[in-house]
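Asker: Here's a structure for you.
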Amino acid sequence: MSLIVSVSGIRGTIGGLPSTNLTPTDILKYSVAYGLWLKTKNSNPTVVIGRDSRISGEMVSNLVIGSLQSLGIHIINCGLSTTPTIEMEVVRQKADGGIILTASHNPIHWNALKLLNHLGEFISEEDGKKIIEFSNNSQIHFSDALNLGKISFVSDAIEKHIESILNLKIIPTQKIRSKKFHIIADCINSTGAMALPLLFDSLNCSYELINNKINGQFAHNPEPLESNLSELINNVKNRSAALGIAVDPDVDRLVLVDENGLFFGEEYTLVCTAEYMLNLKPGNTVSNLSSSRALRDLTISKGGRYFASAVGEVHVVHKMKEVNAIYGGEGNGGTILPDLHYGRDALVGIVLTLANLVTQDKSLSQLKANYPKYEMSKDKIELNPDLDYSELINYVKSHYSHGQLNTIDGLKIDLNEGWIHLRKSNTEPIIRIYSESDTEKNAKNLSNKLKELILKFK
């Protein structure tokens, strides 16, 4: 069905034809290319490997590990884990890189290789291009039988990850423990069911888990959007919980449900957690072009400066370093705390949310009542392979010359009544159309007008 090579990794649907889907041929090709790239930096590299619970995960993991071993690369295998955990484990193990085997929010038939550098961060676009060049190399010298890479296993990476979070001086761990929060969490049948109980126990929280069998049989569409979380929302409504929590299969995205069973909004995860940081030490924040204006407004109100980046964790991290941001992330529920590591991390997002609740002694609904109020529309259209994307962008620009136009990533159009962002997805064969305004109706109107214009172009 699809194979996508981008800064978000090598991602595709399992099975089918090589170079069209994510087949064993493609997995080996890009794993070897990544290994060759690593060996240009260190002749004897070590790589940390981890995966989510996808049905294809074990098969993909075996192929990746075997291909790297064939180059004489040593493997630290964490098995089932989370994306932020592997990012941190690369640094803890002083490894040369890491690969996380997960297609994140994509459905069950997808998988991906997320590639990390020695900092435990996603590889840059420049390094990605070098890896693609290596993937076209047919003259590869593999190691002989006496020089294959060795494998070691790590079983406590998630525990070490949580320990690092709770050891942060900015976290009021004892206050959170004394509050004894009751939490309901949707683990989407993946590794959140391993990580969340460990985190909740360490914070003296009581909890109920739903979809907590770690079998990769996702109980619903794994993207943590309101339309996919009816079970969690109903559980919070019918039980006495301080909040509801949902994560995606690799636990780098966090969304919240308030104590009344109302969806808090994935965009407002970033606002809530950023508020805690900005109250501690006002500074700069960063989110991507498709994220809500609410973070910008909050940051300015706290005396900081806000900056926008292209969509994608690697781009957000680059901008955060450039402007020395104290906090950042993406409006899909991905929070990034530089004090811990430069990666989206649902676990630290949960802790920062609880810290904000206990420090202000408010509920989630009370917090949100004081935030800038915006509504977003998140739409998409299938990407026609014959579509001239550059021509489409120029066509749309000509019809919105009255707006403020930004072409860092697709086309962002800022208007008095709101904004619209049109861009190719890094993770699916679609064009995303995000818009935001003061009401849901106005946001959808902005999106629908642009869609009508695109249909005329096609």
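Asker: Counting only residues that are among the small types (G, A, S) and over 23 Å from R92 (Cα atoms), which one in region 54-65 is nearest to the chain's Cα centre (by Cα)?
Answerer: Of region 54-65, the ones among the small types (G, A, S) are 56-57, 61.
Add one more test, that the residue is over 23 Å from R92 (Cα atoms), and what stays is 56-57.
Working: S56: 20, G57: 18 Å.
Once the filter is applied, the top-ranked residue is G57.
Asker: Residues that are part of a loop (DSSP other than H, G, I, E, B), crowded, with 23+ Cβ neighbours inside 10 Å, in the same structural domain as I131 (by TED's automatic domain parsing) and within 20 Å of the chain's Cα centre (by Cα): does region 70-80 have at least one?
Answerer: No, region 70-80 contains no residue that is part of a loop (DSSP other than H, G, I, E, B), crowded, with 23+ Cβ neighbours inside 10 Å, in the same structural domain as I131 (by TED's automatic domain parsing) and within 20 Å of the chain's Cα centre (by Cα).
Asker: Still on this structure, I have one more. State the number of residues belonging to region 143-155 that are in a loop (DSSP other than H, G, I, E, B) and surrounded by 11 or more Cβ atoms within 10 Å (Cβ to Cβ). Talk me through it step by step, then tell me what you get.
Answerer: Step one: filter region 143-155 for residues in a loop (DSSP other than H, G, I, E, B), giving 143-144, 148-150, 154-155.
Applying the additional criterion that residues be surrounded by 11 or more Cβ atoms within 10 Å (Cβ to Cβ) yields 143, 148-150, 154.
Summing the residues that are in a loop (DSSP other than H, G, I, E, B) and surrounded by 11 or more Cβ atoms within 10 Å (Cβ to Cβ) in region 143-155 gives 5.
Asker: Buried (at least 21 other Cβ atoms within 10 Å of the Cβ), touching a Leu at 6+ places or on another chain (Cβ under 8 Å) and assigned to a loop (DSSP other than H, G, I, E, B), is that true of R54? Reasoning before the result, please.
Answerer: On the way: buried (at least 21 other Cβ atoms within 10 Å of the Cβ): yes; touching a Leu at 6+ places or on another chain (Cβ under 8 Å): yes; assigned to a loop (DSSP other than H, G, I, E, B): yes.
Answer is yes for this residue.
Asker: Oh, and also: Within region 123-142, which residues are buried (at least 16 other Cβ atoms within 10 Å of the Cβ) and polar (S, T, N, Q)?
Answerer: Once the filter is applied, which keeps residues that are buried (at least 16 other Cβ atoms within 10 Å of the Cβ) and polar (S, T, N, Q), region 123-142 yields only S135.
Asker: A further question follows. Exactly one condition in (1) surrounded by fewer than 21 Cβ atoms within 10 Å (Cβ to Cβ); (2) more than 20 Å from the chain's Cα centre (by Cα) is false for P107; which is it?
Answerer: It is condition (2) that P107 fails.
Asker: Any residue in region 310-329 that is over 25 Å from C187 (Cα atoms), in a helix (DSSP H, G or I) and of a type in the set (S, T, Y)? Break it down stepwise before answering.
Answerer: Here is the first cut: in region 310-329, the residues over 25 Å from C187 (Cα atoms) are 310-311, 314-327.
From what is left, the residues that are in a helix (DSSP H, G or I) are 314-323.
With the extra rule that they be of a type in the set (S, T, Y), the set shrinks to none.
Checked against the condition, which is being over 25 Å from C187 (Cα atoms), in a helix (DSSP H, G or I) and of a type in the set (S, T, Y), region 310-329 yields no hits at all.
Asker: Okay, moving on. From the list E223, E231, E266, E322, which one is buried (at least 24 other Cβ atoms within 10 Å of the Cβ) and either out of contact with any helix residue (DSSP H, G or I) (no Cβ under 9 Å at 6 or more places or on another chain) or at pLDDT below 95 (or both)? Explain how you work it out, then say what you get.
Answerer: Numbers: E223 fails: buried (at least 24 other Cβ atoms within 10 Å of the Cβ); E231 fails: buried (at least 24 other Cβ atoms within 10 Å of the Cβ); E322 fails: buried (at least 24 other Cβ atoms within 10 Å of the Cβ).
After ruling out the rest, the residue left standing is E266.
Asker: Within region 188-200, does at least one residue satisfy the condition of being touching a Gly at 6+ places or on another chain (Cβ under 8 Å) and under 16 Å from P107 (Cα atoms)? Step through it out loud before you land on a result.
Answerer: Step one: of region 188-200, the residues touching a Gly at 6+ places or on another chain (Cβ under 8 Å) are 189-190.
So of that shortlist, the ones also under 16 Å from P107 (Cα atoms) come out as 189-190.
Checked region 188-200: at least one residue is touching a Gly at 6+ places or on another chain (Cβ under 8 Å) and under 16 Å from P107 (Cα atoms).
Asker: Test S398 against the stated conditions and say whether it is more than 23 Å from K302 (Cα to Cα), in a helix (DSSP H, G or I) and not hydrophobic (A, V, I, L, M, F, W, C).
Answerer: Working: more than 23 Å from K302 (Cα to Cα): yes; in a helix (DSSP H, G or I): yes; not hydrophobic (A, V, I, L, M, F, W, C): yes.
Criteria met by S398.
Asker: If you scan region 253-263, which residues turn out to be buried (at least 24 other Cβ atoms within 10 Å of the Cβ) and part of a loop (DSSP other than H, G, I, E, B)? Give the steps one after another, and end with the answer.
Answerer: Just the residues of region 253-263 that are buried (at least 24 other Cβ atoms within 10 Å of the Cβ), to begin with: 253-257.
The one that is buried (at least 24 other Cβ atoms within 10 Å of the Cβ) and part of a loop (DSSP other than H, G, I, E, B): R253.
Asker: Considering only region 81-102, state which residues are touching a Ser or Thr at 6+ places or on another chain (Cβ under 9 Å) and part of a strand (DSSP E or B).
Answerer: Residues satisfying the conditions are G97, I99, I100, L101.
Asker: Can you name the residue in region 21-51 that is of a type in the set (G, A, S) and in a helix (DSSP H, G or I) and is also surrounded by the fewest Cβ atoms within 10 Å (Cβ to Cβ) among such residues? Before you say what the answer is, go through the steps one by one.
Answerer: Of all residues in region 21-51, those of a type in the set (G, A, S) come to 31, 33, 35, 43, 50.
Still in the running and in a helix (DSSP H, G or I): 31, 33, 35.
Values: S31: 26, A33: 22, G35: 26.
So the residue we want is A33.
Asker: Among L392, L387, which is the only one that is surrounded by 14 or more Cβ atoms within 10 Å (Cβ to Cβ), not charged (D, E, K, R) and not in a loop (DSSP other than H, G, I, E, B)? Walk me through it before giving the result.
Answerer: On the way: L387 fails: not in a loop (DSSP other than H, G, I, E, B).
It is L392.
Asker: Kindly indicate whether any position in region 367-377 is of a type in the set (A, V, I, L, M, F, W, C), within 24 Å of A443 (Cα to Cα) and part of a loop (DSSP other than H, G, I, E, B). Can you show your working first?
Answerer: Quick first cut of region 367-377, residues of a type in the set (A, V, I, L, M, F, W, C) only: 367, 369, 376.
Okay, now just the ones that are also within 24 Å of A443 (Cα to Cα), so 367, 369, 376.
Restricting the remaining residues to those that are part of a loop (DSSP other than H, G, I, E, B) gives none.
Checked region 367-377: no residue is of a type in the set (A, V, I, L, M, F, W, C), within 24 Å of A443 (Cα to Cα) and part of a loop (DSSP other than H, G, I, E, B).
Asker: I'd like to verify a number: residues in region 275-304 that are surrounded by fewer than 21 Cβ atoms within 10 Å (Cβ to Cβ), within 28 Å of I433 (Cβ to Cβ) and free of Cβ contacts under 8 Å to residues at least 60 places away in the same chain, how many?
Answerer: 2
Asker: Of all residues being touching a residue at least 60 places away in the same chain (Cβ under 8 Å) and part of a loop (DSSP other than H, G, I, E, B) in region 103-117, which is nearest to L340 (Cα to Cα)? Just the residue, please.
Answerer: Here the answer is S104.
Asker: Right, another one. Considering only residues that are buried (at least 16 other Cβ atoms within 10 Å of the Cβ), at positive phi and not small (G, A, S), which ones fall in region 184-220?
Answerer: I188, N189, N211, listed by residue number.
Asker: Across region 202-252, what is the total count of residues that are closer than 22 Å to G265 by Cβ, among the β-branched types (V, I, T) and in a loop (DSSP other than H, G, I, E, B)?
Answerer: The number of residues fulfilling the criteria is 1.
Asker: Kindly indicate whether H341 is modelled with pLDDT under 95 and touching a helix residue (DSSP H, G or I) at 6+ places or on another chain (Cβ under 9 Å).
Answerer: No: the conditions fail for H341.
Asker: Quick one: what pairs do we get from region 418-436, first residue farther than 12 Å from G403 by Cβ, second of a type in the set (D, E) and buried (at least 23 other Cβ atoms within 10 Å of the Cβ), C-beta under 9 Å, 6+ apart or different chains?
Answerer: E436/E267
The values are calculated or read from the model by the stated rules, or taken from the named source; none is laboratory data. Note that the structure is predicted; figures quoted are calculated from it, not measured. Counting neighbours? That spans all protein chains shown, and the Cβs are built from the backbone with ideal geometry, glycine included.
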